[in-house]
1. From the backbone phi of the stretch B:78-93, what are the Karplus-calculated ³J(HN,Hα) couplings (6.51 cos²θ - 1.76 cosθ + 1.60, θ = phi - 60°) in whole Hz, Gly and Pro given as x?
2. When only alpha-carbon atoms count, how far does the protein assembly as shown stretch along each of its three principal axes, as whole angstroms with the largest first?
3. Would you mind ranking B:Trp33, B:Trp100 by Cβ crowding within 10 Å, fewest neighbours first?
4. Per residue of A:197-204, count partner chain C-beta atoms within 10 Å of its C-beta, then hand back the mean as an integer.
5. Identify, among B:Val669, B:Gly629, B:Ala684, the residue whose Cα sits farthest towards the positive end of the charge dipole of the stretch B:599-710, taking +1 on the Cβ of Lys and Arg and -1 on the Cβ of Asp and Glu, with the dipole about the Cα centre.
6. Test of understanding: what is the full-extension gain from B:Val380 to B:Trp100, defined as 0.36 nm times their sequence separation minus their Cα-Cα distance?
7. Which angle from 0 to 90°, rounded to the nearest 10, does the C-alpha axis of helix B:6-17 make with the longest principal axis of chain B?
8. Under Stokes-Einstein, with the Kirkwood radius over Cα pairs standing in for Rh, what whole-number D in µm²/s applies to chain B at 20 °C and 1.002 mPa s?
Amino acid sequence: MQRRVKFSCLPGLVAAALLLVTRAAGAEVLFSIEDPKGDDDGSGALLYPNRDDLEPGDLDLVRFSAEERDDGVWFVVEMAQPIRSPVGRVTQIGQTAIDRIARNGFYTFNVDIYIDTDRTSGAGETGAVPGRGVTIDRDFAWEKAIVLTPRPDTARTMLQIYYDQEYEAELKANKGRTSKEDLAAVEGRSEQHVSDRYFFPTKVRVATRRIEFQVPPEFLGDVPSKAWGYTVIVTGCDIEETGRPGLFSPSRQTMMTMPVARGLQSSQWGIRGDVDEATPPVVDILETDQDAQAKVLDDYDMVAGRLAAVPGVAPDGNVAVAASGKPLTTDQAARMDQASRSGGAAAGTPPAAERRTVPARLRTLNQLLEDGLITQAEYNELRRKILAEL
Amino acid sequence: MKNLHRVTLAAMVAAALGSAPQVSNAADVDLKWWGDIYMKFLDGNRQQNFSMSNNFDVTPNESGGDQGQATEFDLTLTGHVSKQVEFYARIQSRLHRGFWANYAGYAVPGKPNQSFEQACTEADPRCNQYIKLRGARVIITPGYDWLDSASIGANDWGMFDAWTHGKTRYIDRDNLSGFLFQGSALDKTLRWDFARVSSPAYQGAGFTTGDLYTNDADYVGQLKYAPSAAWNATLIGLYASDRERDPEDTNNLNGVGEITRWENSVVGLKGQYSGLGFVDLKGAYYYSTYNIANSVCDSNSLESCRFSPLPKEDTDDGAFYLNLDFNRLFVDGLSLAVQVFDIGSDYVSAPSARREADVLLTEGQEGTWQWMRPDYNFGVRTNPNSNAGLGYGGWDGEVQQVVSGLADNDVTDFDETVAFSVIGWKGVTLVPKYQLGDWEFSGEYSYIDFNTNWQACGGQDKDVDCIYPRMEGTHAWGYGGDTRSPYAPYQDRQMEIFALKAKYTLDVGSGINLMARYKYISDEDDRVTKSSLLTDAYDGYPNFGDPGQINPDWVPNIGLGGCVTCDDREAYYDTYGISAGYQLTSDLYATLLYELHEVDLVDGTVDVAPVGMGFEGANAYGYAEYLTGDTTKNRVGMNFTYFLSGLQVGGTIDYFWGDYDPVFYTNDVDGRRVKLSPAGDTVATPLGNIPVSSVDLSQYRMKVWLKVVF
């Protein structure tokens, strides 16, 4: 019992011990991109919710980087404020300790990284994870997506369910019914698609403002390149999806995205009464231009069904090439820009009312394909969508 | 999202109004609803079926439940009446004692003659799966430049801070209503929040806000100024008061005057600066004043406020913390968080956070030692006090520190974090983290001193000079203490915490997440340091000399023969833990863990009694017990979570085993503490006649939950 040990010298010992340990594992910084501070208000309209564990700066992305280390590729996201720990927090439903379901040391945000590895405009996917309320700019159409989320296993299952339903609906539309074999095939297809396209990091480390996560090279196919495009989206995590309808129900996947609603409440991003209700729930995007974020996230048209298209950043500064393989000219880029903003119509063609007719939109689509501005796959997909409105 | 058909909705409105459908109004309402079903399954070998939570004895007949299955149903409705007006309402059937075995409240079989509480009939709302309005509010966004949002009605009040007006804890969420106004100016660089929150009764002196309570309220406001991303500052203020009818005003003709029963003001200034890159700074200073009418806690009222969240006389004091977060220190992968803090012994904020908040960086003590009535000496099942609550295992995990006289652990489950009042704490905490390859290391060193270190509460007579609520009287020491009173009449304490944690992901399959930790706590309290005060400290044992009331062998040695070291308390805690977590399937994650907890405790000699406690200090009563000696507990546990397309299941299963080996001390002729070699089977102490033999202990417990959110 005579153990009146004093640990007054321990801080020094600990510091000395840590200093003696040199970093055995080498790390090569592949690229590092800074994002303006203080832009964690999405389109400029988002207000932080009424919570003591979410304050301005918490979801403010300030740096995104990738490192190649001896043990693989690590992405690093840095926020403006220290990352909140789930320890000691309980859920809204029941009193489940949040650190039991969010085991990786964070619980307030999701970070999506959509990687455009071929830099061909329109080649790849432009859809974001369900619930994010945005799409990815076609100049950064992606091949691989990394979804950093507090409940990766649950999120992966939810995404597979989403694709199950998409593919099943597609099958039903074609065949008018589905068989047991069809459903098994659908499940296999969605599982394969999620495995090929998405990665949900589980090897995650949090230290003050930094969160880093490992991504296996076999998923990316190569070491992250400066020539790739990276679209990074930060959303609030509604860890139980209690904020608004959306929830875990398979028919309304929101992938734990904290929604937007008028007024200030605890489970959603607030907006004032004079702000459009369809404001995307995206809090921050990786965008080096201080003013661009608000313009991007405010550029949507709910009547036309056009979501805000979030562009990425290519560390080497190069722009995407057209489907033809040639660099996009300024005129082409402008036409594409105009086309996407007007719901498919090209600039200088019929007035708004006519632009949205099916024949006009099909003509525009043909023109875009002929010009090599969209891929055949994009053409087919868009044509199917337009005709489906008949 | 459910958009009800307009006719259906109109019919609902019409039915409510008792009139024919009025489609025109109802059609404009965009009604949405969602909800959840939550089920909880408890099992344990304490065989207690008083409630569906591990509870203290505050709520009658709801203590210590570790058995049963029950269902909670929650339904939330919202809708826009117009672009500017939205409503929200939540109803819930609550668990409490709504066991499946109750037949939905149609009484417990075979208990027709039991008391109301025990029979658990349909007349008892805690048993009959009653539906309760948990909260309703109206949210207004008028579009005024100066006002972003107004909310009238229920809220969880999480927009302020844990030091002033804290977020309402889980079980009370949406129970507190009030007015909330929020706005911004200067291009959103200046934001403000102002609220009037109706005071809950438990918040007042003696856990009551008096006879006239319905208009008692807390007023809280804050101004947040963030001119750049590099720095921000917040000014926060609180005023809480408890008004009563003026007993001097007996004339009803011109209304009745008011007096103040108690009032509490807090002003705080918080700031952050992150412009230096390598280090982020964050700090706050709060100052509180508290006034209470003399009549509230006089000797004839409320037991002189022994059980109270507030002091019984006027106080004022300050509190501050300063955090430095070094994001990269010397080498890549090394970060260091530092916190310096000082919380005054007289700092009071009546509505500060009671739990689900952690105001200090330190991980503090271990939750497993916080249950104050383990009843190791006798294990008497019929003792209601020692039978309540969590039993041998205590709470899982670490503790949460709150600056509140209302630190609240009622209606909690063992897998939750226990809340612990840290009023009076001051010190420094260092938390380094280092990442090296696949390894992640973290540590903690904390040195904690106490502003509550005093003799006779800073005076000469504990019965006169102690103005602080002592609750159960066992003081927040940790093992054998309670969690809600940070005050002891005699204290000279210091604490050091040292912790190391390592994590490693073993590259097998989808990766096995390994974790190992060690923690050492030294908690020493010399208590009475002046021999002249020993008599004051240990006098007052009730009914002394009345053989019908008290065993004279149990009466403490008043004065301890002048031995000031005889009541020294020394507690040394060691904790070792390892765990392995694995994603067994895409839907199922499980963690296996083993922990070894040891306490080496000397809690004075066999002549020392809990200061200020009488018969309640006896082990037989259950508030306090003799714990000097070596206590060991092993824990094997499993946590798991499972997700299947809308169904979530999770749980914790624990098994504890260990022993308590009592040790006894007395004072020698020179007034020094020496070890006592017991001559018989028991040793007489003020806590009872304590068996000298070692006690084997074990406990099994399980909690599994299920959620379906729709």
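Readers should treat all values here as calculations from the given coordinates under stated rules, not as data from a laboratory. Note that the structure is predicted; figures quoted are calculated from it, not measured. Reconstructed Cβ throughout: ideal geometry from the backbone, glycine too, with neighbour counts over all protein chains shown.
1. So the Karplus estimates, Gly and Pro as x, are 9, x, 9, 7, 7, 4, 9, 10, 10, 10, 8, 8, 9, 10, 8, 8 Hz.
2. Principal-axis extents of the protein assembly as shown (Cα, largest first): 106, 80, 59 Å.
3. Result, fewest neighbours first: B:Trp100, B:Trp33.
4. Going residue by residue through A:197-204 and averaging, the value is 2.
5. The Cα lying farthest towards the positive end belongs to B:Gly629.
6. 97.9 nm
7. The two axes meet at around 70 degrees.
8. Details: Rh = 28.1 Å.
Calculated translational D: 76 µm²/s.
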